[in-house]
Amino acid sequence: MKNQFILGICLFIISSCGNDTNAVKSSSGEVTSTIAASEGSEEDLKASLQEIEKEEQALAKEAAASSTTMSFDKMTNNFGKIKEDTDNNASFIVTNTGKNPLIIEKVDVSCGCTTAKKPEKPIMPGKSDKIEVVFHPKVDQLKEQHKTITVTANTNPTIAVLNIEAFVIK
């Protein structure tokens, strides 16, 4: 057993010796590089920076060209008084108000008592679809309840937050 331990340590040391890294981590956690700075001229560096900026601008234009806008028939659905341990359904109508297809990437809910179903197909400009929500308050999940539904889409901003409210009774 002792020989296996020593053999393991030797193998570790041998394999570590051949590892040529270009960064060293100091005891304070600071990482320093052992790579020498490039010997390019200042003009070369400026040209590289300008090229990077052009690429970023092109990516931003591409993202803007594929994004669209959306609106909802309401941002909040208030169920009023409802009983615990019951299904309560609501729909939020989403309309593509932009010029490109609206793609709803995901719909997240704030708690396990709420489920939401998003449109699976892109919504064409000027068209509408619905996000279906079911709120099922658990036993003893009483009084005023407020839950959120976060919609992520190819819009700017990318996130919209919908709300459901209810007063849950026995």
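When Ile123, Ile131 are screened for being under 25 Å from Thr68 (Cα atoms), surrounded by 13 or more Cβ atoms within 10 Å (Cβ to Cβ) and either basic (Lys, Arg) or within 20 Å of the chain's Cα centre (by Cα) (or both), only Ile131 passes.
Any chance the stretch 96-105 includes a residue that's in contact with a Phe, Trp or Tyr (Cβ under 7 Å, 6 or more places away or on another chain) and either touching a residue at least 12 places away in the same chain (Cβ under 8 Å) or hydroxyl-bearing (Ser, Thr, Tyr) (or both)? No, that holds for no residue.
Of the residues examined, Val151 is not one that is over 13 Å from Met75 (Cα atoms) and in contact (Cβ under 8 Å) with a residue 24 or more places away in the chain.
Hey, could you check the stretch 78-112 for residues that are among the polar types (S, T, N, Q) and surrounded by 17 or more Cβ atoms within 10 Å (Cβ to Cβ) and say which is farthest from Val134 (Cα to Cα)? If we take residues in the stretch 78-112 being among the polar types (S, T, N, Q) and surrounded by 17 or more Cβ atoms within 10 Å (Cβ to Cβ), then Asn100 is farthest from Val134 (Cα to Cα).
Residues in the stretch 112-148 that are in a strand (DSSP E or B), touching a residue at least 40 places away in the same chain (Cβ under 8 Å) and not aliphatic (A, V, I, L, M): Thr114, Glu132, Phe135. Filtered by the rule that a residue be surrounded by 16 or more Cβ atoms within 10 Å (Cβ to Cβ) and farther than 30 Å from Gly80 by Cα, the stretch 144-159 gives Asn154, Thr155.
Quick note: the coordinates plus some simple rules give every number you see, no bench work behind them. Note that the structure is a prediction, hence the values are computed from the model and not measured. Ideal geometry is used to build each Cβ from the backbone, glycine not excepted, and the neighbour counts take in all protein chains shown.
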